[in-house]
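The values are calculated or read from the model by the stated rules, or taken from the named source; none is laboratory data. Quantities reported herein were computed from a predicted structural model and do not represent experimental measurements. Here the Cβ positions follow ideal geometry from the backbone for every residue, glycine too, while neighbour counts run over all protein chains shown. Accessible surface areas use protein heavy atoms only, side chains included; no ligands, DNA or RNA. Shrake-Rupley method; radii C 1.70, N 1.55, O 1.52, S 1.80 Å.
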Amino acid sequence: GAWLTSGCDYAIVMEEFDPAWWGLAVYDLQGRLIANAADRHAFNIGSAMRDLDGRTVVTLARDARPGNWLPSGRGNRIVLVLTVQDANMANAVHDGGPLKAMPDIVRTGCR
């Protein structure tokens, strides 16, 4: 329930999360993409690597990490935006059904 900050590292874990298409991007509080030397701003279902068990883990951190790394910059608060395109998931939400497969955000450390 706390704000995401660039002073902490996070793992966004997508297990049993398999919509038709998804995209995940990180922004500052003014809605701007996080500037970074790697020119990396987002992952989607086609660009993110999956683990052998089928899950996708995106690491959000200031410094480079192996795998699906999104730079969080050197600011303060940050915003993750998950875009999902899947008619079946949309119908479940509209009908009041639970979205049991939303990604988990796990704080893995802070400076």
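Let me spell it out: the conditions are (1) in contact with a helix residue (DSSP H, G or I) (Cβ under 9 Å, 6 or more places away or on another chain); (2) open to solvent by 30 Å² or more (accessible area, probe 1.4 Å), and residue 16 meets all of them except one. Which number is the exception?
(1)
Cβ-Cβ under 7 Å, sequence separation 6+ or interchain: first residue in segment 30-54 and touching a residue at least 12 places away in the same chain (Cβ under 8 Å), partner of a type in the set (Ser, Thr, Tyr) and part of a loop (DSSP other than H, G, I, E, B). Which pairs?
34/72
Across segment 19-75, what is the number of residues that are closer than 22 Å to residue 110 by Cβ and either β-branched (Val, Ile, Thr) or touching a helix residue (DSSP H, G or I) at 6+ places or on another chain (Cβ under 7 Å) (or both)?
5
Which of the following residues is open to solvent by 50 Å² or more (accessible area, probe 1.4 Å), modelled with pLDDT of 95 or more and either on the phi < 0 side of the Ramachandran plot or touching a Phe, Trp or Tyr at 6+ places or on another chain (Cβ under 6 Å) (or both): 42, 25, 64?
Values: 25 fails: open to solvent by 50 Å² or more (accessible area, probe 1.4 Å); 64 fails: modelled with pLDDT of 95 or more.
Sole residue among the options that is open to solvent by 50 Å² or more (accessible area, probe 1.4 Å), modelled with pLDDT of 95 or more and either on the phi < 0 side of the Ramachandran plot or touching a Phe, Trp or Tyr at 6+ places or on another chain (Cβ under 6 Å) (or both): 42.
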